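The structure under discussion appears below in the form of structure tokens.
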Amino acid sequence: MTSTNGECPRVIRVLIADDQEAVRRGVRRILEAQPDIEVVGEAVDGLAALELAAELRPDVALVDIRMPRLDGLEVTRRLSGSVRVVVLTTFDLDEYVYPALQHGASGFLLKRSGPSLLAEAVRAAADGESLISPSVTVRLLKHVTAPRRPARPAAPVVALTEREVEIAGHVAAGRTNADIAAELFISAGTVKTHVASIQRKLGVSNRVGIAVHAWEMGYPVPQ
């Protein structure tokens, strides 16, 4: 298949690492329904994930937290810099979220996330961006922004456009690019471009950084 300009469209190569066969099968089914995503391998434990990543060189690895032989946090640390990692887990726990992001994860999704969010996270990781489950984003904000400490230095003033301020507020509300696009009557691609611009201006690596800035600056955050 070729695109309208005669070039072959990019296909994102994905490795799935999870010790549960039913989960791997479900994730594969969701991803392979996308025309731009191909599942190139499945790993049943952490060491197998490292071996397959070295052999297959996927663009993105979807990695579970709890796996035999080597857990997902260590897999994420070892793959960081060579493969984009999206952590996909049942467990919405601080002891997993923070280390995963610190180890270089490009995304953190709960297994109950819908198919569209899963595909969006894979695309975001392949593009060098980050996507975190909305519920995780909102909960992270509670830890980062409350309680406020009076001695905390003021957040630096960054010149965002009116539209970027609006989108930052939606990110702080935990909304996905698709959600924001529907709300603002613009394309998801346009939202993605704005989000990338905001991250660049703020010097942050993921949506949590945008959300923290929005809360600190008092941007309107939809309920």
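Give me the accessible area of His103, 1.4 Å probe, in Å² rounded to the nearest 10.
Surface accessible to solvent at His103 totals approximately 60 Å².
Around Gln199, with a cut-off of 13 angstrom between Cβ atoms, what is the net charge of the other residues, counting Lys and Arg +1 and Asp and Glu -1? Mind showing how you got there, number by number?
Details: positive: Lys192, Arg200, Lys201, Arg207; negative: Asp127, Glu129, Glu164.
Combined, the nearby Lys, Arg, Asp and Glu give +1.
Whose amide H sits under 5 Å from the amide H of Ile37, counting only residues 5 or more places off or on another chain, with H placed in the peptide plane?
Ile12
For every other residue with a beta carbon closer than 14 angstrom to the beta carbon of Glu32, add +1 if it is Lys or Arg and -1 if Asp or Glu, then tell me the sum. Don't jump to the answer; show the numbers that get you there.
Working: positive: Arg13, Arg24, Arg25, Arg28, Arg29; negative: Asp36, Glu38, Glu42.
Taking every other residue near Glu32 into account, the sum is +2.
Over region 9-73, what number does the Rg to Rh ratio reach, with both radii from the alpha-carbon atoms and Rh per Kirkwood? Before the final figure, lay out each step's value.
On the way: Rg = 11.3 Å, Rh = 11.7 Å.
Radius of gyration relative to Kirkwood radius: 0.97.
Could you work out the local net charge near Pro222, counting Lys and Arg as +1, Asp and Glu as -1, over the other residues with Cβ closer than 11 Å to its Cβ? Walk me through the numbers on the way to the answer.
Values: positive: Arg175; negative: Glu166, Asp179, Glu183.
Around Pro222, the charge tally is -2.
Would you mind checking which residues have amide H under 5 Å from Ala43's amide H? H placed 1.01 Å from N; only 5 or more apart, or other chain.
Ile16, Ala17, Asp18
Averaged per residue, what accessible area in Å² does region 1-132 show with a 1.4 Å probe, protein chains only?
Details: 6230 Å² over 132 residues.
That works out to 47 Å² per residue.
Return the sequence-ordered ³J(HN,Hα) values of region 52-67 in whole Hz as given by the Karplus equation 6.51 cos²θ - 1.76 cosθ + 1.60 applied to θ = phi - 60°, using x for Gly and Pro.
Listing the rounded values in order: 5, 5, 5, 7, 8, 6, x, 7, 9, 10, 8, 10, 6, 6, 9, 9 Hz.
Solvent-accessible area of Asp127, probe 1.4 Å, all protein chains present, reported in Å² to the nearest ten, please.
60
The values are calculated or read from the model by the stated rules, or taken from the named source; none is laboratory data. Keep in mind it's a predicted model, so treat the numbers as computed, not measured. Virtual Cβ from ideal backbone geometry, glycine too; neighbours counted across all protein chains shown. Surface accessibility is based on the protein's heavy atoms, side chains included, excluding ligands, DNA and RNA. Shrake-Rupley method; radii C 1.70, N 1.55, O 1.52, S 1.80 Å.
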